[in-house]
1. Quick one: net charge around Q193, please, counting Lys, Arg +1 and Asp, Glu -1 for every other residue with C-beta under 14 Å from its C-beta.
2. Hey, what's the per residue convex hull volume over the C-alpha atoms of the stretch 1-158, in cubic angstrom?
3. Binning at 5 Å from 0, report for the stretch 111-254 what percent of all alpha-carbon pair distances ends up in each bin.
4. Please list the non-local residues whose amide H lies under 5 Å from the amide H of V211, H modeled 1.01 Å from N, same-chain partners needing a gap of 5 or more.
5. For the chain, what does the relative contact order come out to in percent, with C-alpha contacts under 8 Å and a separation of six or more?
6. Considering the chain, what Rg and Dmax in Å follow from its alpha-carbon atoms?
7. With every atom except the alpha carbons ignored, what do you get for Rg and Dmax of the stretch 186-236, in angstroms?
8. I need the GluC sites (Glu not before Pro) found in the stretch 89-155, filtered to DSSP loop residues with at most 11 other beta carbons within 10 Å of theirs.
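Just so it is clear, none of the values below were taken in a lab; they were calculated from the coordinates. Note that the structure is predicted; figures quoted are calculated from it, not measured. Positions of Cβ are generated from backbone atoms using ideal geometry, with glycine treated the same way; all protein chains shown enter the neighbour counts.
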Amino acid sequence: MIERAAAVIREAEVFVITAGAGMGVDSGLPDFRGDHGFWQAYPAYAQLGLSFAECATPQHFIKDPHFAWGFYGHRTNLYRNTIPHDGFNIIKKWIEHNNAEYFVVTSNVDGQFQQAGYDEERMYEVHGSIHRLQCQARCNDRIWRNNEVFRIDESTMRAGDPLPRCLVCGKVCRPNILMFGDNSWLHNRTLKQNQAFDRFINNNSGRRIVVIEMGAGEAIPTIRKISERIGRKKNATVLRINPREPAISKPHMTMSCGALAGLKQIDELFFKKKKERSLCRCL
Ligand SMILES: NC(=O)c1ccc[n+]([C@@H]2O[C@H](COP(=O)([O-])OP(=O)(O)OC[C@H]3O[C@@H](n4cnc5c(N)ncnc54)[C@H](O)[C@@H]3O)[C@@H](O)[C@H]2O)c1
Ligand SMILES: [Zn+2]
């Protein structure tokens, strides 16, 4: 399987990189796998008996904004301070080597691909980004960069003042992320990214596409479905890397391991074969 994955990647003209929360695990970020995974990452919410879905709702920004920003401010700080693992660089290196086109599709809101040097214009963040803000009351359609500083009391997970505010109406604002039970998410930025991705796929149809999917779970299967949809195109092959939920139907490929470990294994073959080939040409 690894040999085949390396061969497909070596021949790829187009890379579609799809990622869920598991992509961040090797950078030290928590996924929110079940209540226990979430509570392990955030013991304060275990004490309060609150699940991820109960913390991630827009109602908190209305009823208790210090609580709401405790959760999102903590995560903003965490993602800002995280160094993306080497797997991000490995894929970038392959793309450059092949002189290939690429696009990133992710349900993560953490901006880790941009942090690793991927182009903001080649990004489809299906659930939005924590690094962008919007009005909680939707008094206007503006989405702006999150340059706020957050101070969080980790024993209570509450944010200190001042809280970030809407540039127009002055109410406490919120991250531009699709939350649970969310009627006020502004999706215009994500919609533009979606349209850019659709154009990208149309412009590259017929070329050799590899979809490299990492850390996308079955619980919220948005990313897996996108990978599989692109995988149905002519000349497209999906490689799914996932230690716990690796299933995918043939002819697509799967590796049941962490993203970094999987990418490193392929990388060794990718360059070994390249070296062997150039050696052959020399002889
Ligand atoms: N960093 C973020 O932005 C972030 C963090 C947590 C959750 N979320 C979002 O919340 C939703 C649900 O989150 P969730 O945690 O249940 O995610 P999820 O359902 O995507 O599950 C995580 C997946 O990652 C896999 N995984 C675990 N370790 C891995 C590794 N080292 N390498 C590759 N894969 C690995 C697991 O097998 C699982 O399938 C998703 O939309 C997700 O994107 C985002
Ligand atoms: Zn407003």
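1. Details: positive: R122, R132, R189, K192, R199; negative: D119, E120, E121, E125, D198.
That works out to 0.
2. Details: hull volume 19.9 nm³, N = 158.
It comes to 126 Å³ per residue, whole-number rounded.
3. Values per bin, smallest distances first: 2, 8, 14, 17, 17, 15, 11, 8, 5, 3, 1.
4. V16, T237, V238, L239
5. About 26 percent, as a whole number.
6. 20.2, 73
7. For the stretch 186-236, the Cα-based Rg and Dmax read 12.3, 35 Å.
8. E154
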